[in-house]
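Structure, as structure tokens:
Every number in this text was worked out from the coordinates using simple rules, so none of it is lab data. Everything numeric here is computed off the predicted structure, so don't read it as measured data. Ideal geometry is used to build each Cβ from the backbone, glycine not excepted, and the neighbour counts take in all protein chains shown.
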Amino acid sequence: MAASAANNFNGLVGIAGSPPSLNESLRQSNVQRPRGSISTVWGHQYFALGQTPSLTMKCGLRFAFSIACLILIFLWFLKQHVEDILDQYSGGSYFVDSFNAHFHPETLNFPQGSTTAQNVEAGDKIIVMAKLEEEDTDWVQEELPDWQRAIYIVNPSPQTLKDPQALTTPANKGHESMAYLSYIVDNYDKLPRTVAFLHSHRSGLLQAWHVDAPLHNNVLAMRMLQLDYVQRSGYVNLRCKWNPGCKKEHRINTHVTQEVWEEIFWGTSTPPRNSSSSATAWTTTTGEEGAGAGDDDNNNPLPQGMEKPKEVAAACCAQFAVSRDQIRKRPVEDYIHFRDWILQTKKSDASSGRVMEYLWHIVFGKDAVL
């Protein structure tokens, strides 16, 4: 028995006393084993050549394949999202312009503003802006001296409220729309020829990403603004890129609901088309509902009703220029009503501001999808 054990040991160890090769060990371990069995060599398991993998191995391969597919799908959606963000932010052109501004400024042909302030007539142009008290908006006066300024503080301190020269809003609500409407209401009878409504940030990828001008620079945007075009068009959105706001998937607007539409336009010169007052006006005046507002018995124009459109779309983000004549196509009472809606609605500051952001072009007489 001892001799037999020694022979077996020698067969495993080999002539030189070293372990047998892997192929030799596999051949020895597979002798008289059923098909699909697993051989153990030096503590590791191997499938015999030509034998069927076990159910465990098949499940493992399927699991690995499923995980790989999920990773690929995730990467595809991530790629789509990143491309969409870069498109919204004009990321590629911003980084190119930033590089050139630092290393090759001579290649950038940016318009230069006046170095000294000009005597701006009251009937010329003005920038209307909302700002937090702690924000620095000196850049408007320093870099755009040929524009008048109406900069409203939305969170005034008690000391600021005592300053008769400070412009403040009735409440810090509705984002920039509270300042925009307050300016129109307060200055309806003395409006300049062109009114530009701007945000308080000067430039930057993260803060001013919605400014189309190079480097997202509001100063450049205002220097390049074609005032004659503003007068011809009446209303001009200062952003031309459609993303976000105008793409097909953005046009079913969840902020401008039927209820919101009726609340905002009820009692204005453009009441909701399905309201009883406007429907009566159409039927009485024209004999055909929806044919037009017409005139009343004293030849005064009746309110021109507006039906809520199925799609509402405009380039974001509430920066635009409007002519004086276009603003005055609505009576001042309309703007008071819009401001009162912001003050009274239960919607939050952000939500009420977003509603107005999607409605400015309609307020100023443009199509619902601009």
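How do L161, L220 line up, fewest other C-beta atoms within 10 Å first? Write out the running numbers ahead of the final one.
Values: L161 11, L220 21.
Lowest to highest Cβ neighbour count: L161, L220.
To one decimal place, what orientation-averaged projected area in nm² is obtained for the convex hull of the Cα set of region 132-195? Working shown, then result.
Working: hull surface 19.8 nm².
Reported value for the Cα convex hull: 4.9 nm².
Filter K162/K190; K79/K173; K247/K329; K248/K347; K79/K131 down to the pairs with a C-alpha to C-alpha distance above 32 Å, please.
Details: K162/K190 25 Å; K79/K173 36 Å; K247/K329 29 Å; K248/K347 26 Å; K79/K131 36 Å.
Cα-Cα > 32 Å for K79/K173; K79/K131; rest within.
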